[in-house]
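Encoded as structure tokens, the structure appears first; notes follow it.
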Amino acid sequence: GIPIYTVGVGEDVIERDVELVQVWTPRNSLNDATAVAEVSFRSEGLAGRTATLQVRENGVLLKSEEVTLPRDGQIGEAAIDLPVTNEGSRVFEFSIEAANDRIAENNTLSTLIEVRNEQPKILYVEGEPRWEYRFLRRALEDDPNVQVVSLLRTSPNKFYRQGIDNEDTLAEGFPTTR
């Protein structure tokens with residue numbers, strides 16, 4: 001039966017503050033790839049000024065870029081390309097710094113990306129030779145993280161196989177199992 005009273009201490013309005021609201025990254029990524037991180041931030045009393053957005057992994061600075069702070073109360077967004085290397089769980093720390101920022105405790109967020117060392121296979125089936133097939137193969141051939149296996153019908157009951165591991169792969173045409 002003891003009453004509890006809440007008493008606020010400090011200023012009613014916080015002036016000159018910038019904060020990270022949210023950081024979105026993919027949960028998984030392939031080794032030696034680039035992951036895109038989307039960062040949301042907000043500011044009060046610093047509209048139109050620039051701030052430095054930084055990304056660190058284990059204390060090592062990976063990326064740094066300047067962002068313009070939005071109007072008071074509005075959400076600003078930035079997309080950052082992260083180089084993802086070394087298989088395993090990687091923790092990336094995002095921070096934003098602006099001159100005259102009064103609260104530094106809300107300027108940092110962390111995210112986890114699971115880096116896998118695997119090579120997913122894509123089966124591309126084409127009923128007849130087209131230009132798109134050629135451009136798709138050319139675009140993906142330099143990516144070491146993706147293996148494109150293609151089955152191209154050149155004439156009735158004749159198939160051209162490309163990107164196969166051994167002679168027996170797709171020898172009978174379209175696969176009957178996964």
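The values are calculated or read from the model by the stated rules, or taken from the named source; none is laboratory data. What you see is a predicted model, and the numbers here were worked out from it, not measured in a lab. Note that each Cβ is placed from the backbone with ideal geometry, even for glycine, and that neighbours are counted across all protein chains shown. The accessibility values were calculated without ligands, DNA or RNA, using every heavy atom of the protein model including side chains. Shrake-Rupley method; radii C 1.70, N 1.55, O 1.52, S 1.80 Å.
Quick notes
- Filtered residue count, segment 129-145, keeping only those that are assigned to a helix (DSSP H, G or I) and either exposed (fewer than 14 other Cβ atoms within 10 Å of the Cβ) or among the small types (G, A, S) (or both): 6
- Number of positions in segment 38-62 that are in a strand (DSSP E or B), open to solvent by 30 Å² or more (accessible area, probe 1.4 Å) and hydrophobic (A, V, I, L, M, F, W, C): 3
- Scanning segment 146-167 for residues that are among the small types (G, A, S) and surrounded by 14 or more Cβ atoms within 10 Å (Cβ to Cβ) returns S150, G163.
- Residue check, D72 open to solvent by 20 Å² or more (accessible area, probe 1.4 Å), closer than 17 Å to V23 by Cβ and of a type in the set (D, E): no
- Set E11, E15, E65: member being open to solvent by 90 Å² or more (accessible area, probe 1.4 Å) and either basic (K, R) or free of Cβ contacts under 8 Å to residues at least 40 places away in the same chain (or both): E11
- None of A47, A33 is small (G, A, S), closer than 30 Å to Q119 by Cβ and modelled with pLDDT under 95 except A33.
- So G1, is it among the small types (G, A, S), part of a strand (DSSP E or B) and over 16 Å from the mean Cα position of the chain (by Cα): no
- Residue check, V91 farther than 30 Å from D165 by Cβ, of a type outside the set (K, R) and part of a strand (DSSP E or B): yes
- Among the residues making up segment 104-128, those that are open to solvent by 50 Å² or more (accessible area, probe 1.4 Å) and in contact with a Ser or Thr (Cβ under 7 Å, 6 or more places away or on another chain) are T108, L112, E114.
- Breaking point among (1) assigned to a loop (DSSP other than H, G, I, E, B); (2) at negative phi; (3) open to solvent by 50 Å² or more (accessible area, probe 1.4 Å), for D101: (3)
- Test: R16 is at pLDDT 90 or above and in contact with a Leu (Cβ under 7 Å, 6 or more places away or on another chain): no
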